[in-house]
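A.B. asks: I'd like to ask you about the structure that follows.
The values are calculated or read from the model by the stated rules, or taken from the named source; none is laboratory data. In this text, all values refer to a predicted model and were calculated from it rather than measured experimentally. Neighbour counts run over all protein chains shown; Cβ positions are idealised from the backbone, glycine included.
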Amino acid sequence: MMNDQPHFNVAYSLENVSFSYGRRNRAVSEAVLNDLSCLILSGRVLGILGPNGSGKSTLLKLLARVFEPQQGKIELLGDSLSSLSQLEVAKRVALVPQETVQVFPFTISEMVMMGRSPHHQGWGGWHWEDSQDWAIAQNAMEELDVAHLGDRLVTEVSGGERQRAVIARALVQEPQVLLLDEPTAFLDLHHQLDIARIIKRLNRDRGLTVVLVSHDLNLASQYCDHVLLLNHGRLAAMGSPQKVLNPEIIEAVYGCSVLVDQHPQSGLPRVSLPV
Amino acid sequence: MKPTLDVPSPAASQAERSGKPSVPIQRALTSSRTLTRSRWWLWISSGCVVTVVVVVGCLGLGTQAIPYSRIIAIILDAVVGTSMEQDLGDPTSIILLQVRMPRLLLAFLVGGSLAMVGVALQALLRNPLADPFVIGISSGAALGAAIALLFGVGISVGSISALPVCAFAGALFSLIIMYRISSAQFGFSVYTLLLAGVVLNAIFSAFIMFLTSIAEPNRVYGMYAWLMGTLTGPEWSTLGMLVLYLGVGLFVLGIHAQSLNLLTLGEETARSLGVEVERVKKSVFLASALLTGAVVSFSGIIGFVGLIIPHAVRLVVSADHRLLLPMAGLVGGMFLMLADTVARTALSPSEFPVGVITALVGGPIFLWLLTTRQTQLGMK
């Protein structure tokens, strides 16, 4: 909506994607992702779910082209991901990592401003921010309610504040796709809700395509339009939360029986553990 | 630079649409630490002025004190060539221009380069303790230089001395070994590299000790002074060569300043922000090897400058590498000029290796920082 790019219905298309860490010639059994094919629709929120080690975060990193798949093909908004430069990918896709560890005394506003970097090209990336960069960063920081923390060091603020600042940095990239790796993992209940609502709002107001990895089935059920369930690097199920989050599928993937009823407010599936 | 909101940015129009009051840009983004072009120039020019003051201050000190009015007159005379003061055979002028000046310049170049290599390696390895000495580049360079010194390879081939070339080869050799070790697993682990550096240090030190133990005694004495770090007796002609090596290395580090900023967020995040991580890492490592090789071949192993100066500058000035790199260069240069002045004047007329001073000053400061500023150092 805010880009001159033509509108695509499909943000990502994955065809027979396989990936394994380590040497190229390893056995296929060690593959983290195995023959994965799916479409990710633009303008929607997709939740990637699955047990530990099912390849959720790896899939997200493939989408951000942090890694490249050994086999198969990923298309981003109609272009082959491997044909784009790192800089071109960074202008379209922003990644919010699970945890941001900063060992050097950068301030929050300095870290947020780093999101403007893909929009500047110079020798080795050297550039100065201009007034438009400042305005964009200021807006993102206000939207994520971290503008008052601009002077504080990244190491000084709380986990929730840091996570909001990292999302602000992602917005400053002005991406079409926002990728989040367990955005609520280290946060308490209040901040979990906060981040979930922010993600939903960004999707609605900015038309951002959101792909998030989560362990929290209920969060995914409430806030995602679609969910993708991974099991041992293979696609187990994909579709609306109502379709995917049913006791049979969850038991087959997670190996434990669960109770699924309806959320009292939204009527969406609610997953509870048995006594 | 005053940012304004009437820039037609998508984010701005978005804020209006969502009914948010479009408040003027507040201090958040123009805080005292945030880097702007004008702030960069202010810091750099102040740094240069202080450097000149330190240079003139150090020039006057020595076995024979020279008054500052005379120093300025001699320098002006040498630069502008007014020749109103004296003929060129004047002993004071010779001491100043042929002995103290080149030595001071060497100290400045060595200190500045070590500090900047420290900054670059710390960012690359995301480890505030990384340093050309700690991760084994210095000892690699030292081993290369020691082989050249002890086996007489240290003769010049044409105008190029073999010593810096051997030192660079040694530094590069140690980096390649570590690169291979770290690449054995997927990606490039910071901790693997650091541990590999520690072990490489031990191996190279053992080789150097072995070489000194089998070498002729008259060569060993010079070796010892050199291994402790010394800045004695450079010639203007050899300094020109050093400036050439350092110029190339520092240029490569400088243009990657913004990439180094992004790399402090982690390699995966840096890649997602558009950095060609592998290419940047290789360039910065090569430049670091070149700088370390050149510096070690001229001055031996001078520790702590690459460790202590980056910390100090980060705490006081900025963590932004666009400012941090040049400021660390200036401060590191000043630090070593002062340290060398102490080394050659404290026990005048005899002198001791400058590496002793840097370790005795740098060590305690580092320990003090370590215990009082843990959050800023990222140790917590």
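A.B. asks: Within the stretch B:62-73, can you find the residues that are under 29 Å from the mean Cα position of the chain (by Cα) and not aliphatic (A, V, I, L, M)? Let's see the steps before the verdict.
C.D. replies: Of the stretch B:62-73, the ones under 29 Å from the mean Cα position of the chain (by Cα) are B:62-63, B:68, B:71-72.
B:Gly62, B:Thr63, B:Tyr68, listed by residue number.
Okay, residues lined up against (1) within 14 Å of chain B (Cβ to nearest Cβ); (2) more than 28 Å from A:Pro241 (Cα to Cα); (3) of a type in the set (Asp, Glu):
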residue: A:Arg44; (1), (2), (3): no, no, no
residue: A:Leu63; (1), (2), (3): yes, no, no
residue: A:Gln86; (1), (2), (3): yes, yes, no
residue: A:Val89; (1), (2), (3): yes, yes, no
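A.B. asks: Here is a follow-up. Being surrounded by 22 or more Cβ atoms within 10 Å (Cβ to Cβ) and at pLDDT 75 or above is the requirement here; does B:Leu114 meet it?
C.D. replies: Judged against the criteria, B:Leu114 is a match.
A.B. asks: Another question about this same structure. Of all residues in the stretch A:149-158, how many are surrounded by fewer than 23 Cβ atoms within 10 Å (Cβ to Cβ) and within 8 Å of chain B (Cβ to nearest Cβ)? Break it down into steps so the answer makes sense when it comes.
C.D. replies: To start, the set of residues in the stretch A:149-158 that are surrounded by fewer than 23 Cβ atoms within 10 Å (Cβ to Cβ) comprises A:151-153, A:155-158.
Subsequent filtering for residues that are within 8 Å of chain B (Cβ to nearest Cβ) retains A:151, A:153, A:155-156.
So the count comes out to 4.
A.B. asks: Would you check if A:Val166 is surrounded by 21 or more Cβ atoms within 10 Å (Cβ to Cβ), out of contact with any Asp or Glu (no Cβ under 9 Å at 6 or more places or on another chain) and more than 7 Å from chain B (Cβ to nearest Cβ)? Walk me through it before giving the result.
C.D. replies: On the way: surrounded by 21 or more Cβ atoms within 10 Å (Cβ to Cβ): yes; out of contact with any Asp or Glu (no Cβ under 9 Å at 6 or more places or on another chain): yes; more than 7 Å from chain B (Cβ to nearest Cβ): yes.
When the stated conditions are applied, A:Val166 passes them.
A.B. asks: Also: Quick one: in the stretch A:128-138, which of the residues that are over 30 Å from A:Gly78 (Cα atoms) and buried (at least 19 other Cβ atoms within 10 Å of the Cβ) is farthest from the other protein chains (Cβ to nearest Cβ)? Give the derivation first.
C.D. replies: Of the stretch A:128-138, the ones over 30 Å from A:Gly78 (Cα atoms) are A:128-131, A:134-135, A:138.
Okay, now just the ones that are also buried (at least 19 other Cβ atoms within 10 Å of the Cβ), so A:129, A:134-135, A:138.
Details: A:Glu129: 8, A:Trp134: 3, A:Ala135: 5, A:Gln138: 5 Å.
This residue is A:Glu129.
A.B. asks: Next question. Considering only the stretch B:336-372, how many residues are at pLDDT below 75 and surrounded by 15 or more Cβ atoms within 10 Å (Cβ to Cβ)?
C.D. replies: Matching residues across the stretch B:336-372 total 2.
A.B. asks: In the stretch A:139-148, how many are crowded, with 18+ Cβ neighbours inside 10 Å and more than 8 Å from chain B (Cβ to nearest Cβ)? Explain how you work it out, then say what you get.
C.D. replies: Going residue by residue through the stretch A:139-148, those that are crowded, with 18+ Cβ neighbours inside 10 Å are A:139-144, A:146-147.
Filter once more, keeping what is more than 8 Å from chain B (Cβ to nearest Cβ): A:144, A:146.
Residues meeting the conditions: 2.
A.B. asks: Just to be sure, is A:Glu161 facing chain B (nearest Cβ under 9 Å) and in contact with a helix residue (DSSP H, G or I) (Cβ under 9 Å, 6 or more places away or on another chain)? Spell out how you get there, then give the answer.
C.D. replies: Details: facing chain B (nearest Cβ under 9 Å): no; in contact with a helix residue (DSSP H, G or I) (Cβ under 9 Å, 6 or more places away or on another chain): yes.
No; evaluated as a whole, the condition is false for this residue.
A.B. asks: I need the helices (runs of 4 or more DSSP H) fully contained in the stretch B:206-310, keeping only those with at least 3 residues that are away from chain A (no Cβ under 13 Å). Even if it seems obvious, please write down each step before you answer.
C.D. replies: Numbers: elements: B:217-227, B:236-255, B:257-263, B:267-272, B:277-299.
Helices (runs of 4 or more DSSP H) meeting the threshold: B:217-227, B:236-255, B:277-299.
A.B. asks: Of the numbered conditions (1) within 14 Å of another protein chain (Cβ to nearest Cβ); (2) closer than 27 Å to A:Gly267 by Cβ, A:His190 satisfies every one except a single condition; which is it?
C.D. replies: Condition (1) is where A:His190 drops out.
A.B. asks: With the requirement that a residue be within 14 Å of chain B (Cβ to nearest Cβ) and assigned to a helix (DSSP H, G or I), what does the stretch A:196-224 give you?
C.D. replies: A:Arg197, A:Ile198, A:Lys200, A:Arg201, A:Leu202, A:Asn203, A:Arg204, A:Asp205, A:Arg206
A.B. asks: Being in contact (Cβ under 8 Å) with a residue 24 or more places away in the chain, touching an Asp or Glu at 6+ places or on another chain (Cβ under 8 Å), within 7 Å of another protein chain (Cβ to nearest Cβ) and under 30 Å from B:Val313 (Cα atoms) is true for just one of A:Pro105, A:Pro118, A:Pro97. Which residue is that? Quick ask: steps written out before the conclusion?
C.D. replies: Working: A:Pro105 fails: touching an Asp or Glu at 6+ places or on another chain (Cβ under 8 Å); A:Pro118 fails: touching an Asp or Glu at 6+ places or on another chain (Cβ under 8 Å).
Matching residue, one of A:Pro105, A:Pro118, A:Pro97: A:Pro97.
A.B. asks: Follow-up question, since we're still on this one. So how many residues does the stretch B:119-147 have that are surrounded by fewer than 24 Cβ atoms within 10 Å (Cβ to Cβ) and more than 13 Å from every other protein chain (Cβ to nearest Cβ)?
C.D. replies: The total comes to 2.
A.B. asks: Spot the failing condition for A:Glu174; the list is (1) within 26 Å of A:Ser13 (Cα to Cα); (2) part of a loop (DSSP other than H, G, I, E, B); (3) away from chain B (no Cβ under 11 Å), and only one is missed.
C.D. replies: The number of the failed condition is (3).
A.B. asks: Give just the number: which of (1) modelled with pLDDT of 90 or more; (2) over 30 Å from A:Met113 (Cα atoms); (3) surrounded by 15 or more Cβ atoms within 10 Å (Cβ to Cβ) does A:Gln176 not satisfy?
C.D. replies: So the condition that A:Gln176 fails would be (2).
A.B. asks: Is it true that some residue in the stretch B:325-344 is over 11 Å from the mean Cα position of the chain (by Cα) and not in a helix (DSSP H, G or I)?
C.D. replies: No: zero hits.
A.B. asks: Of all residues in the stretch B:205-248, how many are closer than 17 Å to B:Leu106 by Cα and in contact (Cβ under 8 Å) with a residue 24 or more places away in the chain? Lay out the reasoning, then the answer.
C.D. replies: First, the residues of the stretch B:205-248 that are closer than 17 Å to B:Leu106 by Cα: B:225-248.
Next, only the ones that are in contact (Cβ under 8 Å) with a residue 24 or more places away in the chain stay: B:225-236, B:238-239, B:241-243, B:245-246, B:248.
Total satisfying the criteria: 20.
A.B. asks: Among B:Leu42, B:Leu149, B:Leu59, which is in contact (Cβ under 8 Å) with a residue 24 or more places away in the chain and either within 22 Å of the chain's Cα centre (by Cα) or not in a helix (DSSP H, G or I) (or both)? Show your work before the answer.
C.D. replies: Values: B:Leu42 fails: in contact (Cβ under 8 Å) with a residue 24 or more places away in the chain; B:Leu149 fails: either within 22 Å of the chain's Cα centre (by Cα) or not in a helix (DSSP H, G or I) (or both).
One residue alone meets the criteria, B:Leu59.
A.B. asks: Would you confirm, using the coordinates I've provided, whether A:Ser257 is under 30 Å from A:Ala135 (Cβ atoms), surrounded by fewer than 20 Cβ atoms within 10 Å (Cβ to Cβ), polar (S, T, N, Q) and more than 19 Å from the chain's Cα centre (by Cα)?
C.D. replies: Numbers: under 30 Å from A:Ala135 (Cβ atoms): no; surrounded by fewer than 20 Cβ atoms within 10 Å (Cβ to Cβ): yes; polar (S, T, N, Q): yes; more than 19 Å from the chain's Cα centre (by Cα): yes.
So A:Ser257 does not fit the description; no.
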